[in-house]
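Structure, as structure tokens:
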Amino acid sequence: MTAMISDTAKAVKIINGVWWVGVNDHLNPLFEGMWALPDGMRYNAYLVQGKNKTALIELSRDGFAEPFIRKIDEIIPLSEIDYIIHNHLEPDHSGIIPIIYKRCPQAKVLATAKGKSFLKQFYGEGERVDAVNDGDSIDLGGRTLRFLSYPWLHWPDTMFTYLEEDKVLFPCDAFGGYGAPEKGLFDDEIDLQTYWPEAKRYLGTIVASYLGHVVKAIDKWLKGGMGINILCPSHGPVYRGNPMSIISRYQEWAKNDKSDKVVMIVGSMWGNTHEMGAIVKHRLEKNGLEVKYFDAALAEPGQVLGEMLNAGGIVFGAPTYDANIYPRLEYFLMLFKGKKKNGYPVATFNQNSWNVNITPKINSYLEDMKSQIIPPQVVGHGAPDAEIRKELELMADNLTAKIRDACFIPQA
Ligand code: FEO
């Protein structure tokens, strides 16, 4: 990977002895090789200084060692770090390990037992790591860092680190979001109304398969009564104004309560399938439902998954291509299956111009997702005629009824 410096930000003091030393990535167009980064990505890392010891919480992805080390050196020589703490070992937080470990050979490395095994797998570094258990702590000299197990946020290795005396929580991926605005690290310095959709898109893409763990983790944290003055996630802003603003949003989004919103994903080569989609969309909206319509060929998958949070139903529309499902639509079927979009009411329509009906192929995905398939599954033969229009409208009405039934939404 490139070693060029893309990030010219300086270290930022959060409170006395607690510093942001993360990286703003405006080089990589995709996160996890899949999710668009129109405003970059921030890999937050933090330096915590006690009277006797200094701890570094998280590192950065590969390619950013130079701006990362530069920030730390503004505060303390990297070689004087006493602890390196890994809350989670996905490479966006650990990619520069080979460089950093060499530069501070005496630092103790702390991670969960699962994190230790990931360190061995990814970097061959398991021997150097002390595994910590839920509730363990270290004393930096007047400052205590406590480690709290929160697996599956977002990998099984994940823990939170909590600075007890100052009530500062470092929860890694939890409460994160996309984006790395050049100005403004803190929640009270940025326009949160424009940021929330990027936080929701992050939750919908990265932690989407583990939403139940998010809900349980928030309950566990709130019941623990430990309190948060400052929330320092590993992505997105630092919350010193109102940490509950993001926690309560994550809670609401992760509950994934069904609403009267329908996500439609429709692919089309020459417009006929979009014509069918327009009929369905119009009917659903006439029935009083909210419709988010995506063109399968152009949609950013992360946006679609972000909209799936709290959706009540799904519509897939596809032409036949090479006797199979139009590939750009099939990608979303694969994605939804992988992200466990299970049990939704799903309506489908497709095209069969050459005597190849792809409905069974679509249904094999829907069966894996235990979808509630809405009749009729409409098969067109080019431009929709009056009969097809009638079938599409009936399908839209049946989907509306199913969603209203499931959401207890009153008739329009
Ligand atoms: Fe930000 Fe799961 O890594």
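Taken together, the values in this text are just the output of simple stated rules run on the coordinates, not laboratory data. Note that this is a predicted model, so its numbers are computed, not measured. Because the Cβ atoms are built from the backbone with ideal geometry, glycine has one as well, and the counts that use them run over all protein chains shown.
Restriction of the chymotrypsin sites (Phe, Trp or Tyr not before Pro) in region 299-387 to DSSP coil positions whose beta-carbon has at most 10 other beta-carbons within 10 angstrom yields 354.
Please give the FRET efficiency for residue 242 paired with residue 364, using the beta carbon to beta carbon distance and R0 = 35 Å, rounded to the nearest 0.05. Please report the intermediate quantities before stating the final value.
Numbers: r = 46 Å, r/R0 = 1.33.
Efficiency computed from Cβ-Cβ geometry: 0.15.
Let me make sure I get this right: for region 261-399, a, b and c are the square roots of the gyration tensor eigenvalues over alpha carbons, sorted descending. Under 1.5 in a/c it's rounded, otherwise prolate if a/b > b/c, else oblate. Which is it?
Details: a/c = 1.42, a/b = 1.12, b/c = 1.26.
Rounded.
Would you please put 276-282, 298-304 in order of how densely packed they are, using the mean number of other Cβ atoms within 10 angstrom per residue and starting with the highest?
Ranking the peptides 276-282, 298-304 by packing returns 276-282, 298-304.
What number comes out for the charge environment of residue 303, summing +1 per Lys or Arg and -1 per Asp or Glu over other residues with Cβ under 13 Å away? Walk me through the numbers on the way to the answer.
On the way: positive: 200, 201, 292; negative: 198, 295, 300, 307.
Net of charged neighbours comes to -1.
Spin-label model, residue 252 to residue 323: label points 7 Å out along the Cα-to-beta-carbon direction sit 5.1 nm apart.
Would region 12-255 count as rounded, prolate or oblate if I go by the C-alpha gyration tensor, calling it rounded below 1.5 in a/c and otherwise prolate when a/b exceeds b/c, oblate otherwise? Rounded, since a/c falls under 1.5.
Scattering from the C-alpha atoms of the chain alone, worked out with Debye: what is log10 I(q)/I(0) at q = 0.11, 0.14 1/Å? Results for the chain at q = 0.11, 0.14 Å⁻¹ read -0.83, -1.13. Taking other C-beta atoms within 10 angstrom as a stand-in for reagent exposure, 368, 92 fall in the order 368, 92, fewest first. FRET efficiency for the pair residue 139 and residue 189, taken as 1/(1 + (r/R0)^6) with r the Cβ-Cβ distance and R0 = 30 Å, rounds to 0.40.
Please sort 385-396, 263-274 by packing, taking for each peptide the average over its residues of neighbouring beta carbons within 10 angstrom, highest first.
On the way: 385-396: 17.2, 263-274: 20.6.
So the order, starting with the most tightly packed, is 263-274, 385-396.
Under 8 Å for C-alpha pairs, at least 6 residues apart: give me the relative contact order for the chain, rounded to a whole percent. Could you put the intermediate results ahead of the total?
Details: 864 pairs, mean separation 45.7, N = 412.
Computed over the chain, the figure is 11 percent.
For region 166-257, GluC sites (Glu not before Pro) are listed when DSSP marks them as loop and at most 16 other Cβ atoms sit within 10 Å of their Cβ; the list is 182. Per-residue extension of 0.36 nm, minus the Cα-Cα distance of residue 372 and residue 394, leaves a gain of 6.3 nm for this segment.
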